[in-house]
Every structure is written in C-alpha cells, then in structure tokens.
Amino acid sequence: MHLCRSLGALLALGAIATPADAQRPPNVVYIMADELAYYEVGYAGHPKLRTPRIDRMAAEGIRMDRAYAGAPVCAPLRCNLMTGKHAGHASVRANDGGTPLRADEATIASLLGEKGYATGGFGKWGCGGRDSTGVPEDHGFDVFFGYYDQVHAHSFFPPYLIRNSEEVPLAGNVGGRRGETYSQYEIMREALEFIRAHADQPFFCYLPITPPHGMYDIPADDPAWQLYEGAEWMADAPDEAKNYAAMVSLVDRNVGEVLDLLAELGLDDDTIVFFTGDNGGQDRFRSKEHPRGYFGPNVDPQTGAAFRGGKGDLYEGGLRIPYVVRWPGRIEPGRSSRLVFSHPDVLPTLTELCGAETPDDADGRSFLPTLLGTAEQEDPDFVYWEFGNQLAVRMGRFKGILNRTGRGGDWDQVIAEGSGRWELFDLEADPTESRDVATSHPERLAMMAAIAKGEHEPVNAGIYLDPGRVRHEKDREAKWGTSPDRPQSQQRGRVQRIVEPDLIDPAKIEVVDVSSQNAANQKYARHATDGDPRTIWHTQFTGGVAEHPHEIVLDLGSEHTVRGFRYLARQDGGWNGAFAETEFQAAPTREALDAAPKLRARFAAVREAQAADLEAPVRARFVRVRILSEVQGGPWASAAEIGVLGQPVR
C-alpha cells in the first residue's frame, strides 16, 4: 500500500514535460558525498568549510531544503535510493556493507539501461559484496568502479579497487593511511572518462563518492588546501579536522570537474546534475568547546539551533541531507523548495524524466514537477523509516518515532503487540525535536501506528553465491591490508589461538545450524570455525536480543574419533557473550544428537583457549554446542573459535 504516491492527477493533466518533448533523453549525473552533512556547505552559511562550486551549483539550480535520507546509515539508504523502496520493504536494512540486493530487484541503472542509457557507477556501492546477488553489474550497471564493501571504502590507499567484481591494483598501496595512489583520484578519473566516452548517447553516471567519510586522509599537495590558506581557525584545529575540511573541498572540486566537463562537451543543457550527501551528520571531532562536533554538522550556523541526534538514529540529525539539482534551461536558477521527499523518491523521478518504467513495488513518488517548476506539489501523505531500535513516520508537520524498549523483539513482534514507546514532534514548531507532544495527539500516533503496521514487511535480503564469502572478506581485509598503520587491536598474530596436535582442520568443519547470529555487523556463525581468532560469532542483538540457551551445530565433514573440545573467547578486549555454562554433544548423525550424552563445562573470562575433554573418545561426525549462560550474566553468546579434537575414522 503506497499512500505516498499522489502524482497521478498532475500526470493526467499533462502538467509535466516528458522526455518525448525533447530531441534527446536527458543525461543524469547523481553525485552523493559520503556523510557530508546538511550544514557542511557554504550555501548553508558554514563559516569554515569552503564549497564554492557547490554554492554556485545551488545558485544555478534548485536547493531542496527538506530532503531526507532513506535511512540514517550508508548501506540501507543506498538500497532505498537504487530500488525506490522505503526501509519497511527494502532488501538491505543492515549497515554491514555486505547484505545484498536480491537477484530479481530492479534499480535505477537497470531501468534506465532498458531505455538505451549507458550506465556507470563510481565510488562506494554498499548493496552487496563480490560473489553475491547484489553486485552492481548484475543490477544494470555497465561498469562500476570503486568499492563494493563499506569497510574496504574506509581507506583511500587500498591495495586495489574493484571494477565489475575484478580487482584493479593501485600502484604503491598496501592499505591503511599511506600510499602512492589516492583512490578518489582514480575514481574521478574513471567517472570523467565515462562521461566523455558516452557524450553521444544518453548516460546515467552515479557517483556515490567516499570523501569526506572514512579515514581522514588527503594528499598534502591536493589543491583543496589552497582554499584554506590564511584561515585563522586552521592554526588551532585538530589535524583530523583540517584533513576533513580539505576533503570537503576536494568533493567540491570534483563537482566542478563534472560541471566543467559537461560544458566542454556541450552537454550542459542536456544533463541534469544532482548533488547531495547520503545520511545525516556525525558530530566528529567533539570537545568541550565543540560538543556537537568541531564543524557542527547538524547545527545551524546562523541561529545555533541544532537537529537532534545524528548518523545512526531517526531524529532529524540522522536524516536531513543537503540536496541541489541543476539543469540549465529546464530548472529555473536560484530557487529553493521546502517539499518533503526522501531517497525512495529518486527512482520514480528519474524513470519519469527518462521515459522508463517505474516498478509496481516502488514506494516513492516523483518530485520532477517541483524540480521543473511545472506544478506545486503537496508533501507526501507520509514518509516511513526503520533502522536499529527505531521506527519513524512523518505525516505533515509531525514526526513520530517508535523506540524499541528493553529487549523488545523484532519489529514484526513490536508492531503486532503494539509495544515500544512512541515519541511525537511538531517539526514546524520544534525542528530540534526537543518537546515530545505524544500525550497531546493520541489520534496522530494511532494513525502512525497503523502506517507502521501496513508498511513493515519481514526483510527478504539477497544471498551470497559463495557461502564462504572469500572475495568479500578479502575486500574488507584490504582496508588495512599489510599496512604498518594497522591498529594494534587489529594486528595479525596478536591474539590467542587454539593449538592442539589433533585439532580437526577448521576448513573441514561446516556450521549446519545455529540458533541466531548477528548478521547486521557480520558476527556470523561461520566465524566460530573459520580458524581466524580475529573474527567473532555473536548471537543476535540487532533487531531484538536472542537469549539463552544458544546452540550451534557443526558437521566435521566425516566421522572422527572425538576426544574433546576447545573454546576461545573473543580476542577484541570485550567479554560480551563469552561462554560460561556450556554443554557439548557428539554423535554420528544429526538425528542422534538429542540422545547423545552431554559433556558439561564451565568457562571463565580468559583469553586463552579453554578445554572440555570427554572421559572417553566417541565416534562422531556432528557436534552440538549449547551455551547456557554468559560470564557477565548477559543474554548473549560469542566465540572467536570453537575447536574439536579428534582423528578421522579410517
């Protein structure tokens, strides 16, 4: 049920100019800077950050002042943008950089490609790692160059980037924070070449560029530094903040490079260009003097009023984004709009503009009439979000936020039971969301609760075609690679390991059943037997906490004479989930596990491998581990490694 669509009457009246009116379908360039916040642009009055080309673009086009992210974090919003689906219907709702789109999902690129558009993406994908159903080349992109995984994208000096799932080495780089080849230069070079190569045909150029997010690194000789020569604040600013400022201005220069190339090729009048951030701001570089971050990304520099929250939550600070659109001759310059819209609305806007089909399961509505000034659009009936422990609905001037309380359960349970705690804010009177008026408007909350019930569906994500995710995990590891900059907590070898002469090879062990795993941050069950103590299996805590008892069932690959088990607690400095009371069972078949004797052990909060040995060896192929309690009394279970000792039966 898509209540937010209300454009049909306008279309019926023929109020909107369509591509059929033009000689050539318009080119589309969509530039999205990673975590550039609402107030971190010059046109918003920022006193420190310099963005002259973005400011000029705003003057030459339309500024959309009430643009919202589809989600408050990177991966889900990219799915919302590409598929036109809000968070209640999206296939990607976790911010793990690896959850993929389903194989059958249409995207902006696939829909425009069907109309003859050349399609290229350059930057950070975030909708499925390599060897998954979500790779961009299987979702309409002729070429995608950059990062498929978010963790990979944290480094601007990775050993390689990805082009259509294949590695492209970067000379002189080993990962981390230093190297010879700055990745953003390569990404922009490829993007500009794509535009140049397709100047004679319609193209869609998607630029989800990574600056200014990630590790705050930029070459010392980058021209962006020239914009800050003589800036007094630079003398006392933290080094990371200085780098961040230069990276913002690097993004600004990249916008200018695109616009200059379009002018050079004579494509200005044929190309609509979007510039935006991806999600709400993060209070980076906080201090006593700057409690909302050194640059105040969510603080109005004119008034000092601040959006509540920031990246990762559903308050305004996590969702409001800068948004500018330019199309000479079609978009009247110097305009601003207060139309409420969000990422799912981009797909239907572009499909309408380019004469492509809008999928029936898209949730968004086109805001093309507002861009072109051909009609006055009303705000949508509602905008819907969900992420983590919050769900939100905006209706008119009011926004309600449902907070999962306690251990909560998943959203299906919370919505069905009507549990959780609602907050309600009048955004016109209270844009800082500081006054909860829920008790004064029970009828509005009832309407919002009904919308939540109607719009939320259980997540149906894509899959990995390689269950081991070998290349995906390699990309994540490439963030640091072999760099000497790798933090000590992530250094190879600085962990305990299970060392036993008859330890069954972890590569031969398969996890065949698990009670839960926290996929939202990659704490998969397979990590318990992958032979790498730096990875962790953790039971579910995102979207509801799974409680004891927890179980994991292992297939040893063949029958063994099993003599015992080893447990290695997490090696990252925490104890959440560390096993206490634990039971082990071993049997020749899975069906025989229920009747198998139980070996009971109690483990302690220590980093070294701990033993649980059988009184006499047993013949077994399957092992069940049942965790009954945690060393700190919490509801979780976690393991760096679970080892099984034994010899193959000959």
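For L402, only one of the following conditions fails: (1) under 30 Å from H548 (Cβ atoms); (2) open to solvent by 30 Å² or more (accessible area, probe 1.4 Å). What is its number?
(2)
Going through M64, M32 one at a time, which residue ends up being under 28 Å from G293 (Cα atoms) and touching a Pro at 6+ places or on another chain (Cβ under 7 Å)?
Exactly one residue qualifies, and that residue is M32.
If you check D572 against the conditions, is it in a strand (DSSP E or B), among the acidic types (D, E) and surrounded by fewer than 18 Cβ atoms within 10 Å (Cβ to Cβ)?
So D572 fails the test.
If we scan segment 451-458, do we find a residue that is of a type outside the set (A, V, I, L, M, F, W, C), closer than 27 Å to N95 by Cα, touching a Gly at 6+ places or on another chain (Cβ under 6 Å) and not in a loop (DSSP other than H, G, I, E, B)?
Yes, segment 451-458 contains at least one residue that is of a type outside the set (A, V, I, L, M, F, W, C), closer than 27 Å to N95 by Cα, touching a Gly at 6+ places or on another chain (Cβ under 6 Å) and not in a loop (DSSP other than H, G, I, E, B).
Take the conditions in a loop (DSSP other than H, G, I, E, B) and either in contact with a helix residue (DSSP H, G or I) (Cβ under 9 Å, 6 or more places away or on another chain) or open to solvent by 30 Å² or more (accessible area, probe 1.4 Å) (or both) and apply them to G468. Does it pass?
Details: in a loop (DSSP other than H, G, I, E, B): yes; either in contact with a helix residue (DSSP H, G or I) (Cβ under 9 Å, 6 or more places away or on another chain) or open to solvent by 30 Å² or more (accessible area, probe 1.4 Å) (or both): yes.
Judged against the criteria, G468 is a match.
Within segment 90-139, track down each residue that is touching a residue at least 40 places away in the same chain (Cβ under 8 Å), open to solvent by 30 Å² or more (accessible area, probe 1.4 Å) and of a type in the set (D, E, K, R).
R93, R102, E114, K115, D131
Identify, from the list W537, W575, the residue that is of a type outside the set (A, V, I, L, M) and in contact with a His (Cβ under 9 Å, 6 or more places away or on another chain).
W537
Among the hydroxyl-bearing types (S, T, Y), in contact with a His (Cβ under 7 Å, 6 or more places away or on another chain) and more than 24 Å from D260 (Cα to Cα) - does that describe any residue in segment 36-56?
Yes, that holds for at least one residue.
Being farther than 24 Å from A569 by Cα and loosely packed, with under 13 Cβ neighbours inside 10 Å is the filter here; which residues of segment 598-632 pass it?
The one that is farther than 24 Å from A569 by Cα and loosely packed, with under 13 Cβ neighbours inside 10 Å: A616.
Name the pairs whose Cβ atoms lie under 9 Å apart, with the first residue in segment 496-512 and on the phi < 0 side of the Ramachandran plot, the second in a helix (DSSP H, G or I) and open to solvent by 50 Å² or more (accessible area, probe 1.4 Å), and 6 or more positions between them or separate chains?
Listed pairs, sorted by first residue: E510/R526; V511/R526.
Name the one entry in L3, L10 that is at pLDDT below 95, open to solvent by 30 Å² or more (accessible area, probe 1.4 Å), in a loop (DSSP other than H, G, I, E, B) and within 25 Å of E378 (Cα to Cα).
Values: L10 fails: in a loop (DSSP other than H, G, I, E, B).
None of the other options fit; the residue is L3.
Sort out which residues of segment 288-320 are small (G, A, S), in contact (Cβ under 8 Å) with a residue 24 or more places away in the chain and out of contact with any Lys or Arg (no Cβ under 7 Å at 6 or more places or on another chain), and write them in order of number.
Once the filter is applied, which keeps residues that are small (G, A, S), in contact (Cβ under 8 Å) with a residue 24 or more places away in the chain and out of contact with any Lys or Arg (no Cβ under 7 Å at 6 or more places or on another chain), segment 288-320 yields G296, A305, G309, G310, G312.
Could you list, in sequence order, all residues of segment 445-465 that are farther than 19 Å from K85 by Cα and either open to solvent by 90 Å² or more (accessible area, probe 1.4 Å) or within 21 Å of the chain's Cα centre (by Cα) (or both)?
Initially, segment 445-465 is screened for residues farther than 19 Å from K85 by Cα, giving 445-447, 449, 464-465.
Within segment 445-465, M447, Y464, L465 qualify.
Any chance you could count how many residues in segment 408-433 are modelled with pLDDT of 95 or more and among the hydrophobic types (A, V, I, L, M, F, W, C)?
Count: 5.
Does segment 340-352 contain any residue that is over 23 Å from V73 (Cα atoms), out of contact with any strand residue (DSSP E or B) (no Cβ under 9 Å at 6 or more places or on another chain) and modelled with pLDDT of 95 or more?
Yes, there is a match, as at least one residue in segment 340-352 is over 23 Å from V73 (Cα atoms), out of contact with any strand residue (DSSP E or B) (no Cβ under 9 Å at 6 or more places or on another chain) and modelled with pLDDT of 95 or more.
The values are calculated or read from the model by the stated rules, or taken from the named source; none is laboratory data. Just so it is clear, the structure is predicted and the values come from calculations on it, not from any experiment. Note that we place each Cβ from the backbone using ideal geometry, even for glycine, and neighbour counts take in every protein chain shown. Just the protein is used for accessible areas: all its heavy atoms, side chains included, with ligands, DNA and RNA removed. Shrake-Rupley method; radii C 1.70, N 1.55, O 1.52, S 1.80 Å.
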